[in-house]
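*Asks:* Shown below is the structure under consideration.
Coordinate-derived values only; no laboratory data. These numbers come from a predicted model, not from an experiment. Ideal geometry is used to build each Cβ from the backbone, glycine not excepted, and the neighbour counts take in all protein chains shown.
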Amino acid sequence: MLAYLKEVIEKSQNGLISYADYIGMALYHPVDGYYMRDSEKIGRSGDFITSSNVSDIFGGIFSKWFARLVEVHGLVPAVCEIGGGNGRFAKAFIEEWKNHSNENLAYTIIEASPFHQKLQRETLDGFSGFSQAVGIDSIRQFKGLVFSNELFDALPVHVVENHQGTLMEAMVGIAGGRLYEKLVPLENAKIYSFLEDNGFALKEGQRIEVPLAMEEMVKAISIALDEGIVATVDYGYTTEEWMMPERRSGSLRGYKNHQMMDDILENPGTMDITSHIHFDALAKAGENNGLETLLKLRQDEFLLSAGILAELEEHYDPNPFSERSRRNRAIRSLVLPSGMSPSFHVLIQQKGRKLNSGSIFP
């Protein structure tokens, strides 16, 4: 991977590439990119954990929630999941669907990684309504639910910093076989527009990630979606939260073997690279592309509103390793302040529908 990056950097203007270009290659290079490698990324044997891999309850609750929207509001019973990982969310969603709906469900996963495509086919073997596509661009006139969990935090970002009163972009170069960072005056007009449109006036020394790829993904989702709901689960901040002093260094980081890595330029292609998303900018990009925001809730608030506590089995069970005990612990971990959910949010948008925030929960 380093040899490939060296070739690209040396051929680039001034021998530098943006962080967005670097992250794109480190994560998505067809052979050596982190997400494209034939290795587990999610779960105990991987580098990070998602809510859908804490318990099948997560996928099951979203399934019940969407089944109600189909029944009550007439949404089309079809799901397009972008970035399905190992397929565990899809399996939980489909299995719960069989228990709560008589409607035939169509389930498409957008997945670029051949390794994950294979895992998904194995996990969902036997479900006739399952299909795969490599990119969202191949989907048109879709009706139903577009779902993603930790999609936007894995997209490439540019990095800018206010350095001595001048907006600079952090770029990546290579020397002596090692990657390094260099600040150069910001020239990218799209970055200037993003900062201005979203009300970012960086203070001296403040650094922030600029998610131009996020805006492109939102546009692609809107083009693909003819009518339905978009449910986005991710971690991130509002514009006001981004400007707090404790976030003046940005949020870009890597994860490897469940350990946070501060230097994402070290050993490219071997770690997950992530940054917190801009929720206000995400919602605004949606509005600009025909996606109306219905609501944004913390993940625990969403799960509670969707009825997760009804899944608790309160019968006494002295065996802490029983299926019932494990299930109850998983539910509590998804809603208690000490669990994962308070760090995550759920953004619900709609297109071509007339739902309101009060009608999407029982």
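*Asks:* Under the rule a/c < 1.5 gives rounded, and otherwise a/b versus b/c splits prolate from oblate, where does segment 318-362 land using the Cα gyration tensor?
*Replies:* Numbers: a/c = 4.10, a/b = 2.41, b/c = 1.70.
Verdict is prolate for segment 318-362.
*Asks:* Just want the ordering: HIS73, HIS29, HIS278, from fewest to most Cβ atoms lying within 10 Å of their own Cβ.
*Replies:* Arranged by neighbour count, lowest to highest, HIS73, HIS29, HIS278 become HIS73, HIS29, HIS278.
*Asks:* I've got another one for you. Can you give the angle from 0 to 90° between the axis of helix 323-335 and the longest principal axis of the chain, with both taken from C-alpha atoms, to the nearest 10?
*Replies:* So the helix axis and the longest Cα principal axis differ by about 50 degrees.
*Asks:* At q = 0.16, 0.18, 0.21 Å⁻¹, what is the base-10 log of I(q)/I(0) for segment 230-362 according to the Debye formula with one equal point scatterer per Cα and no solvent? Please give it to two decimals.
*Replies:* -1.01, -1.11, -1.21
*Asks:* Right, here's the next one. When N counts the residues of segment 80-177, how does its alpha-carbon radius of gyration compare numerically with 2.2 N^0.38 Å, as a ratio?
*Replies:* The reported ratio for this selection is 1.54.
*Asks:* Taking neighbour counts of Cβ atoms within 10 Å as a proxy for exposure, in what order, fewest first, do PHE194, PHE89 appear? Kindly include the intermediate steps, with their values, before the conclusion.
*Replies:* Details: PHE194 22, PHE89 28.
Exposure proxy ranking, most exposed first: PHE194, PHE89.
*Asks:* Which links in LYS64/LYS354; LYS98/LYS351; LYS118/LYS354; LYS91/LYS284 stretch past 30 Å when you go from one Cα to the other?
*Replies:* Numbers: LYS64/LYS354 20 Å; LYS98/LYS351 26 Å; LYS118/LYS354 38 Å; LYS91/LYS284 32 Å.
Too far apart for the 30 Å limit: LYS118/LYS354; LYS91/LYS284.
*Asks:* Additional query: Given Cα positions, please report Rg to Rh for segment 173-234, the hydrodynamic radius being the Kirkwood one.
*Replies:* Over the Cα atoms of segment 173-234, Rg/Rh equals 1.11.
*Asks:* Based on the Cα gyration tensor of segment 217-294, what are the three equivalent ellipsoid semi-axes, each the root of five times an eigenvalue, rounded to whole Å and given largest first? Working shown, then result.
*Replies:* Numbers: eigenvalues 167, 61, 18 Å².
Value: 29, 17, 10 Å, ordered largest first.
*Asks:* Taking H as built 1.01 Å from N, whose amide H comes closer than 5 Å to the amide H of VAL159, not counting residues under 5 places away?
*Replies:* The answer is TYR19, ALA20, ALA170, VAL210.
*Asks:* Taking the Cα centroid of segment 204-248 and of segment 141-196, what is the distance between the two, rounded to the nearest whole Å?
*Replies:* 12 Å
*Asks:* Once fully extended, how much extra length lies between LYS182 and ASN104, figured as 0.36 nm per residue of separation less the alpha-carbon to alpha-carbon distance?
*Replies:* 22.7 nm
*Asks:* For the chain, which semi-axes, largest first and in whole Å, follow from the square roots of 5 times the eigenvalues of its Cα gyration tensor?
*Replies:* Working: eigenvalues 249, 105, 86 Å².
Taking √(5λ) for each Cα gyration eigenvalue gives 35, 23, 21 Å.
*Asks:* In whole percent, what relative contact order does the chain give with Cα contacts below 8 Å and a gap of six or more residues? Display every interim value, and only then the final one.
*Replies:* Numbers: 668 pairs, mean separation 67.4, N = 362.
Normalised by residue count, the contact order of the chain is 19 percent.
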